[in-house]
Amino acid sequence: MMKSAPLISFVILALMGLMLDQFLNPYLQRTMALVLVNIILAMSLNLVNGYTGQFSLGHAGFMAIGAYTSAYLSTHWVAPAAIVPHLLFFIFYSLVSGCFAAIAGWLVGQPSLRLKGDYLAIVTLGFGEIIRVIILNSSALGGARGYFGIPGPSPISFGGLALNAFYSFYLVAILWVLTCFFVIYRTISSTHGRAFMSIREDEIAADSLGIHTTRVKVKSFVLSSFFAGVAGSLFSHCMNFIAPSTFSMLMSINVVIMVVLGGMGSMTGPILAAVIISVLPEALRPLQELTGQDYRMVIYSLILIVLMLVRPQGLLGHKEIWNFWRKTRVE
Amino acid sequence: MNPVLELEDLHVHYGSIHALKGVSLKVFAGEIVSLIGANGAGKTTTLRALSGIVPCRGRISMNSKEIQTLPSHQRVRLGLAQSPEGRGVFPLMTVEENLDMGAFIYSDKEQINQDRDFCFTLFPRLKERRSQLAGTLSGGEQQMVAISRALMARPQVLLLDEPSLGLAPLIVAQIFEIVKHLNELKKMSILLVEQNARMALKFSHRAYVMETGKITLSGNAADLLSDDSIRRSYLGH
Ligand SMILES: Nc1ncnc2c1ncn2[C@@H]1O[C@H](COP(=O)(O)OP(=O)(O)OP(=O)(O)O)[C@@H](O)[C@H]1O
Ligand SMILES: [Mg+2]
């Protein structure tokens, strides 16, 4: 891949964003923002569940850590805007949020990834719930009522063009989407990155080839937690309000669905699935108005079931969107 | 002369099962040593203990350095590589990627390429299949991948667990020829676990016979081959 690919994609996406900013209504813009958050969640979980072959069920927990860190920081600690450019704050908030989540990831991963087998699913499930309950009982974080008044980045103007607040958020979000994409892509396509996949395919063999499997698994888990924290931070600034109930087990499962539906072990599959899963309930909304009843979740679930029956290996399987139709490998 | 690999009084427990009850054996430089025995005797367990896949009690030394406390991933750096029972190839990686994983601990591209080419001359079939996913190879081809992958780690002692399992007689003969070739050309020491006792004894220098977790007999392969009790129990007449 070209060295300049991240920069070029950033410029292209930033320009596209100008159009989204001008032509989408606020409701669609919010959906779009959630799509970006979900893309980061799906990509990062895919590193653990897809590439490294471990089964984590605690992504909502790491996301919550990120979301509350960012909420707290942005309401308590604001540097004077005159000195530091406004958008940099938000990048900084998400960076710190990611680091907190990564530390939590290390604390959870270090003991549980040492064991071979499915312990991780149980431990992470428990972890997610513990985080939720801690927040629920913490008055500084708003408890069950939730955390209100989280600021989002304010609008910027661009050569005379007055832009909406959406665009500021969008810039920060695509910066992280691209960072997440390229960091994970580079990690897994290096020679050392194949260590992740060898663990998925045969952990004992990987171990006896000289791969420090525990360390590699922890590395994958910490990186994944970091980006989950970042996604949580973005989520809090996009919604302006967060509550413990948002970060329930259901949220974790939703991210697992994106990864499985997209194809574990494909970079682009989970991205595609994240888009579909975030947009589908919204796209089905007219149906609700038509029938007067909320059948959305029923239809949504049916679509998922059908997709999994038709493509049990996920939408893209192990392939990427750009070589989906090419039959290079025998599968 | 000191052995390159020595096991002393090795014990392995799987829960309540006492699978190895004090196994001792030696492999000297440049030797092919085979370990034969009935199903469930503990041969695979011995190799697993050697590679550090199962915890054990006792002593394992490599060139007089004790290694029993080292984790699995460090033992390969001391020159111990295993082609595991049931092959254990990475099914969703290509043949070539599998081989490259074997050289995971090295970063000298030049030598890695040479080693890979060497494997391809040993197994020309693998060269034809280099970009095929290993999971789609035939059993024999997967065996070739497993052996080659172990070779890529540049072992001083190569551990082979039933390389002939499920293979056609012609391929079995080929694999044994290659084992011998490696031993003669690369001066590699080889510890070979085999069900096919006749073949194993024919190609090794020395052998150990194992029964329910213990070594019951050992000696020169040629002597064992003509030993009456061995003939009755393991050679089928
Ligand atoms: N993971 C395990 N858990 C419990 N018992 C085990 C395990 N692995 C092996 N055993 C037991 O340990 C004993 C030795 O097994 P091992 O696999 O070493 O035999 P083997 O000599 O390699 O046999 P074969 O020739 O059939 O491969 C057997 O009784 C087996 O049932
Ligand atoms: Mg065995």
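The values are calculated or read from the model by the stated rules, or taken from the named source; none is laboratory data. What you see is a predicted model, and the numbers here were worked out from it, not measured in a lab. We place every Cβ from the backbone using ideal geometry, glycine too, and count neighbours over all the protein chains shown. Calculation scope for accessible area: heavy atoms of the full protein, side chains included, ligands and nucleic acids excluded. Shrake-Rupley method; radii C 1.70, N 1.55, O 1.52, S 1.80 Å.
Check B:Ser131 against each of (1) farther than 27 Å from B:Ala19 by Cβ; (2) within 16 Å of ligand 1 (Cβ to nearest atom) and name the one condition it does not meet.
(2)
State yes or no: is A:Ile65 open to solvent by less than 10 Å² (accessible area, probe 1.4 Å) and either under 26 Å from A:Ile184 (Cα atoms) or of a type in the set (Gly, Ala, Ser) (or both)?
Against the criterion (open to solvent by less than 10 Å² (accessible area, probe 1.4 Å) and either under 26 Å from A:Ile184 (Cα atoms) or of a type in the set (Gly, Ala, Ser) (or both)), A:Ile65 does not qualify.
Of everything in the stretch A:22-62 that's in a loop (DSSP other than H, G, I, E, B) and open to solvent by less than 30 Å² (accessible area, probe 1.4 Å), which residue is farthest from A:Arg186 (Cα to Cα)?
Among those residues, the one meeting the criterion is A:Gly58.
Considering each residue of the stretch B:29-64, count those that are open to solvent by 20 Å² or more (accessible area, probe 1.4 Å), more than 14 Å from every other protein chain (Cβ to nearest Cβ) and not aliphatic (A, V, I, L, M), and give that number.
Count: 10.
Name the strands (runs of 3 or more DSSP E) wholly within the stretch B:124-223 that hold at least 2 residues that are closer than 21 Å to A:Ser198 by Cβ and within 16 Å of ligand 2 (Cβ to nearest atom)?
Details: elements: B:157-161, B:189-194, B:206-211, B:214-220.
Filter on the stretch B:124-223 gives B:157-161.
For B:Gly102, which of the numbered conditions (1) of a type in the set (Gly, Ala, Ser); (2) away from ligand 2 (no atom under 16 Å from the Cβ); (3) within 14 Å of chain A (Cβ to nearest Cβ); (4) open to solvent by 40 Å² or more (accessible area, probe 1.4 Å) fails to hold?
(4)
Looking at the stretch B:48-58, is at least one residue more than 13 Å from ligand 2 (Cβ to nearest atom) and over 21 Å from A:Leu209 (Cβ atoms)?
Looking through the stretch B:48-58, at least one residue is more than 13 Å from ligand 2 (Cβ to nearest atom) and over 21 Å from A:Leu209 (Cβ atoms).
For the stretch A:176-278, give me every one of the helices (runs of 4 or more DSSP H) that falls completely inside it and has 1 or more residues that are under 19 Å from A:Met32 (Cβ atoms) and modelled with pLDDT under 95.
Numbers: elements: A:194-201, A:203-208, A:213-239, A:249-262.
Counting at least 1 such residues, we get A:213-239, A:249-262.
Residues checked against (1) farther than 21 Å from B:Thr46 by Cβ; (2) open to solvent by less than 10 Å² (accessible area, probe 1.4 Å):
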| residue | (1), (2) |
| --- | --- |
| B:Gly139 | yes, no |
| B:Met144 | yes, no |
| B:Met152 | yes, yes |
| B:Leu159 | no, yes |
| B:Leu167 | yes, no |
| B:Ala173 | yes, no |
| B:Lys180 | yes, no |
| B:Leu191 | no, yes |
| B:Gln195 | no, no |
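Does any residue in the stretch B:1-26 that is farther than 12 Å from B:Ser61 by Cβ and more than 16 Å from ligand 2 (Cβ to nearest atom) come within less than 7 Å, Cβ to Cβ, of a residue that is open to solvent by 10 Å² or more (accessible area, probe 1.4 Å) and outside any strand (DSSP E or B) six or more places away or on a different chain, and which pairs are these?
Pairs found: B:Met1/B:Phe28; B:His11/B:Cys56.
Are any of the residues in the stretch A:166-179 within 14 Å of another protein chain (Cβ to nearest Cβ) and not small (Gly, Ala, Ser)?
no
Answer yes or no: is there a residue in the stretch B:157-170 that is within 16 Å of ligand 1 (Cβ to nearest atom) and over 13 Å from the mean Cα position of the chain (by Cα).
Yes; the residues of the stretch B:157-170 include at least one that is within 16 Å of ligand 1 (Cβ to nearest atom) and over 13 Å from the mean Cα position of the chain (by Cα).
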